[in-house]
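Engineer: Sharing a structure with you now.
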């Protein structure tokens, strides 16, 4: 592409954007609406906003270290603990099984005794890890994390308003951050992924993490001096998408390459990755369209 | 080349960080604790000494230590044990393994939490009762005593509270976990010695002034066949207070002689632990009406083999002694959370984290190079990322924070926001805006400050929610972004200015 065609392309893209940015806004709005409706539907079905794992409902997680024959364990344990789930961990290089993780809502002693009977040896700290959370604790744990999520969102909103001191741009950022939360949540629910306490911490992180591109966009659009509005928006877009891409590069390997890490740990990165994807849509379509609309009304060029 | 103070600040802080983390290449086994009044204690061995060799055989790690000890003990006769530490030499004459707990010499000053080093954690609350802070403090004192008396080293017992005002006792044990932990921390520990329906004495210092735990007065005295497998019996003597002894005299005074066993009294002394009968002792007829202060307590342990029965009996004896010394709690306890993490998993975790870090560094370097086409810029970003992680770790070591899995996730998340900020600085610096480079970097800092405050705002509630179980995540993220905004970001913008000027 020559400089000339590049310029023509840029100009026509700018024109296209000028004419259609309000229409494009419909896409993310629709996505947010679908997410919200799905979460509402999910709530009516499950009486909760999400599926919770044993760290939030109470129960036992046992990690058995070594080459365990999963087939021998499965059927006797399933008949005794109907809600038990299994996950096998394999070595990164050799692909050999190195451990098995079991999760159930039952009490630890019960599960331990059954496993010991099947395996024929005692579970010690040399060959296993056992984590147990009582139902009363996990229930209050969950409630508190929800409160923390709410407080976190309110504090973030306050910071955004203090930064920009204008209503529409502030609301645009907050709406984008809200969509960054509900889109991954809807997707997690749809995939029936059970969320851990660490997963909720990831949502909190997302609140902080996802607004930096929105702040970049709004700052460049409202405070920038050089070029016209479209140029500044496009500049912010180039910087911001690269930021989100590097962030994705940082979080995705924990999910796809180094798969041996603890589940709760990997979930943090899964949720961050989903949120960052959502953030690409919510910053560069939703927030950008609203800011452009606002600038057009206010005569900022 | 003249460097600005911002870069000097970064270099200075990095050097301090290196000192704080202080990697050590020392080998040996460090003593974590020595059981009081044991032979090892009397020989002068103390916690924090680093064992270098035993009987001339070199000890480079905990495995060596265990191999050597296992090759010597158990033994019939007292043997001479020469333990050489870094600074001195200790000689023990003993027929049992030294009552010390050892660990590998830590490679750095970074403290690792449960997920990384293995260990146990328990959260305990009173059943059907909310504890006042005074009650909680009493509970913590009693539990700490129990754990210490039982010989569990490297344990921290503290109170935690959560957003809804619940108070818990949090117990954390590093390294190997005793199998008895659950019982030790959840037992109310109500010990009663009864004759018929009358209580003679109970556990605790008011009634029991001394509990023999070593020597002739305490130990396993017989083993034999039981209904299932084998059984071993233990006994140890205790000294009663005058009040308890008088009680004993009054109650036994009314007893007759057992017609079937004429050398004993007609009723037995029943021992109850948490309302369960653990043993019944015959009372010799000459003890009738005597205000004796010396009482022998006995009990047993069963197992499928004699060896197992012996171990169980020994453990039961230790538990009972512990409870007799520390007394009971005025309420029942409930364990709301208990995790025992294998040290094996922790090692695996650290290995995987290092692989993950390398993969992430490599991928980010590649994408930065594709975008900016400059080795220098790529290096600057990567080195800044690395500095941030290192300074965060150093601060964690400084405040003695135990790094757990959430803390590590927080460090990675902090690094992620760090890279984002650096991209903002770079793009502002190379942008075509018609203002000075200084002005542009100032703009970048407005954006960075905004992002900084939103991250802090978002993570702050995690400090209190859920009794601080996820505090590490919030803490390291916040340390990371603070290091970024105060130290690495200013230095990075100076480096970028220098690179762009060239």
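Read-outs throughout are calculated quantities, based only on the coordinates presented, and are distinct from any laboratory measurement. Please read these numbers as outputs of a predicted model, since none were measured by experiment. Every residue, glycine among them, receives a Cβ derived from its backbone with ideal geometry; neighbour counts consider all protein chains shown.
Engineer: If I model a spin label as a point 7 Å beyond the Cα along the Cα-Cβ vector, how far apart are those points for residue B:93 and residue A:118 in nm?
Structural biologist: Between residue B:93 and residue A:118, the label points sit 5.5 nm apart.
Engineer: For region B:191-316, what is Rg from Cα atoms divided by 2.2 N^0.38 Å, rounded to two decimals?
Structural biologist: 1.10
Engineer: Using every Cα-Cα pair within chain A, state what percent have a distance larger than 25 Å.
Structural biologist: Across chain A, Cα pairs with separations above 25 Å total 58 percent.
Engineer: Roughly speaking, what is the centre-to-centre gap between region A:242-296 and region B:464-502 when only Cα atoms are used, to the nearest Å?
Structural biologist: Distance between centres, Cα-based: 19 Å.
Engineer: Fewest Cβ neighbours within 10 Å first, please rank B:232, B:482 accordingly.
Structural biologist: Details: B:232 26, B:482 17.
The most exposed by this proxy come first: B:482, B:232.
Engineer: Can you list the residues of region B:197-234 with backbone N under 16 Å from a point 7 Å past the Cα of residue B:242, pointing along Cα to Cβ?
Structural biologist: B:206-210
Engineer: If you don't mind, there's one more thing I want to ask. What's the Kirkwood radius of region A:174-279 in Å, using all Cα pairs? Before the final figure, lay out the partial values.
Structural biologist: Numbers: mean 1/r = 0.0680 Å⁻¹.
Hydrodynamic radius (Kirkwood, Cα pairs) of region A:174-279 is 14.7 Å.
Engineer: Same structure again: Wrap a convex hull around the Cα atoms of the protein assembly as shown, take a quarter of its surface area, and give that in square nanometres. Don't jump to the answer; show the numbers that get you there.
Structural biologist: Numbers: hull surface 168.9 nm².
Average projection, Cα convex hull of the protein assembly as shown: 42.2 nm².
Engineer: Okay, next question. Extending each Cα 7 Å along its Cβ direction at residue A:110 and residue A:43, get the distance between those two points in nm, one decimal.
Structural biologist: Placing both labels 7 Å along Cα→Cβ, they lie 3.2 nm apart.
Engineer: Please state the relative contact order of region B:242-318 as a whole percent: Cα pairs under 8 Å, 6+ residues apart?
Structural biologist: 27 percent
Engineer: Gain in length, residue B:11 to residue B:226, computed as 0.36 nm per residue apart minus the alpha-carbon separation, to one decimal in nm?
Structural biologist: In short, 70.3 nm is gained.
Engineer: Sticking with this structure for a sec: Helix B:405-429: angle to the longest alpha-carbon principal axis of chain B, degrees 0 to 90, nearest 10?
Structural biologist: The angle comes out at about 10 degrees.
Engineer: Between residue B:79 and residue B:383, how high is the FRET efficiency from 1/(1 + (r/R0)^6) when r is the Cβ-Cβ distance and R₀ = 45 Å? Nearest 0.05.
Structural biologist: The value I calculate is 0.20.
Engineer: Can you pull the one-decimal nm distance between simple spin-label points at residue A:296 and residue B:145, each 7 Å off the Cα toward Cβ?
Structural biologist: Result for the modelled spin labels: 7.7 nm.
Engineer: With runs of 4+ DSSP H residues as the only contributors, calculate the mean residue ellipticity of the protein assembly as shown at 222 nm using -39,500 (n - 2.57) per run, divided by the residue total and rounded to the nearest 500. Write out the running numbers ahead of the final one.
Structural biologist: Working: 26 runs with 429 residues, N = 803.
Result for the protein assembly as shown: -18000 deg cm²/dmol, rounded to the nearest 500.
Engineer: What number results when the radius of gyration of region B:306-379, computed over Cα atoms, is divided by 2.2 N^0.38 Å?
Structural biologist: Against the empirical 2.2 N^0.38 Å value, I get 2.39 for region B:306-379.
Engineer: While we're looking at this one, here's another question. Taking the 0 to 90 degree range and rounding to the nearest ten, how far is the long axis of helix B:62-72 tilted relative to the main principal axis of chain B, both from C-alpha atoms?
Structural biologist: The answer is roughly 20 degrees.
Engineer: Tell me, how many Å apart are the Cα centres for region B:407-453 and for region B:1-52?
Structural biologist: 36 Å
Engineer: What angle do you read, to the nearest 10 degrees and between 0 and 90, between the alpha-carbon axis of helix B:306-326 and the longest principal axis of chain B?
Structural biologist: 90 degrees
Engineer: Can you tell me the FRET efficiency between residue B:276 and residue B:129 if r is taken as the Cβ-Cβ distance and R0 is 30 Å, rounded to the nearest 0.05?
Structural biologist: According to the calculation, E is roughly 0.85.
Engineer: List residues of region A:264-301, by number, whose backbone nitrogen lies under 11 Å from a label position 7 Å along Cα→C-beta of residue A:27.
Structural biologist: Answer for this model: A:281-282, A:284-286.
Engineer: Fully extended, how many nm does the chain gain between residue B:294 and residue B:370 (0.36 nm per residue separation, minus their Cα-Cα distance)?
Structural biologist: Details: separation 76, 0.36 × 76 = 27.36 nm, distance 8.35 nm.
Once the chain is fully extended between residue B:294 and residue B:370, it gains 19.0 nm.
Engineer: Using the number of other C-beta atoms within 10 angstrom as an exposure proxy, rank A:132, B:168 with the fewest first.
Structural biologist: By the 10 Å Cβ count, ascending, the order reads B:168, A:132.
Engineer: Using a/c under 1.5 as the rounded threshold, could you call region A:59-133 rounded, prolate or oblate? The axes a ≥ b ≥ c are square roots of the C-alpha gyration tensor eigenvalues, and prolate needs a/b larger than b/c, oblate otherwise.
Structural biologist: Verdict is prolate for region A:59-133.
Engineer: For residue B:351 and residue B:253, compute 0.36 nm times the residue count separating them, minus their Cα-Cα distance, and round to one decimal in nm.
Structural biologist: Taking residue B:351 through residue B:253 to full extension adds about 28.4 nm, to one decimal.
Engineer: Stokes-Einstein diffusion coefficient for chain B at 37 °C in a medium of 0.692 mPa s, Rh from the Kirkwood formula over Cα pairs: what value in µm²/s?
Structural biologist: Roughly 120 µm²/s, to the nearest whole number.
Engineer: Just to be sure I understand: if I project the alpha-carbon convex hull of region A:2-61 onto a plane and average over all orientations, what area do I get in nm²?
Structural biologist: Over all viewing directions, region A:2-61 projects a mean Cα-hull area of 8.3 nm².
Engineer: Same structure, new question: Say R0 is 30 Å: what FRET efficiency, to the nearest 0.05, do residue B:48 and residue A:277 get from their beta-carbon distance? Before the final figure, lay out each step's value.
Structural biologist: On the way: r = 51 Å, r/R0 = 1.68.
Taking R0 as 30 Å, the efficiency between residue B:48 and residue A:277 is 0.05.
Engineer: Further question: Students often check this: by mean Cβ neighbours within 10 Å, which of B:40-51, B:213-224, B:310-321 ranks highest, and how do the rest follow?
Structural biologist: Values: B:40-51: 16.8, B:213-224: 13.7, B:310-321: 19.5.
Peptide ranking by packing, descending: B:310-321, B:40-51, B:213-224.
Engineer: How high is the relative contact order of chain B, given as a whole-number percent (alpha carbon pairs under 8 Å, six or more residues apart)? Numbers along the way, then the final one.
Structural biologist: Numbers: 890 pairs, mean separation 85.6, N = 502.
Answer for chain B is 17 percent.
Engineer: Could you tell me the convex hull volume per residue, in Å³, taken over the Cα atoms of region B:29-104? Mind dumping the intermediate values first?
Structural biologist: Values: hull volume 5.5 nm³, N = 76.
Per-residue hull volume (Cα only) is 73 Å³.
Engineer: Related question: To the nearest whole number, what is the average tally of beta carbon atoms from other chains within 10 Å of the beta carbons of peptide A:222-228?
Structural biologist: 3
Engineer: Let me ask something else. Can you give me the Cα centroid spacing of region B:199-218 and region A:146-212 in angstrom?
Structural biologist: Rounded to whole Å, the Cα centres lie 59 Å apart.
Engineer: If I take every Cα pair under 8 Å that is 6 or more residues apart in region B:191-316, average their sequence separation and divide by the length, what percent do I get for the relative contact order?
Structural biologist: Relative contact order of region B:191-316: 30 percent.
Engineer: Which part of region A:108-136 falls in the paramagnetic zone of residue A:72, meaning amide N under 14 Å from the point 7 Å along Cα-to-beta-carbon?
Structural biologist: A:115-123
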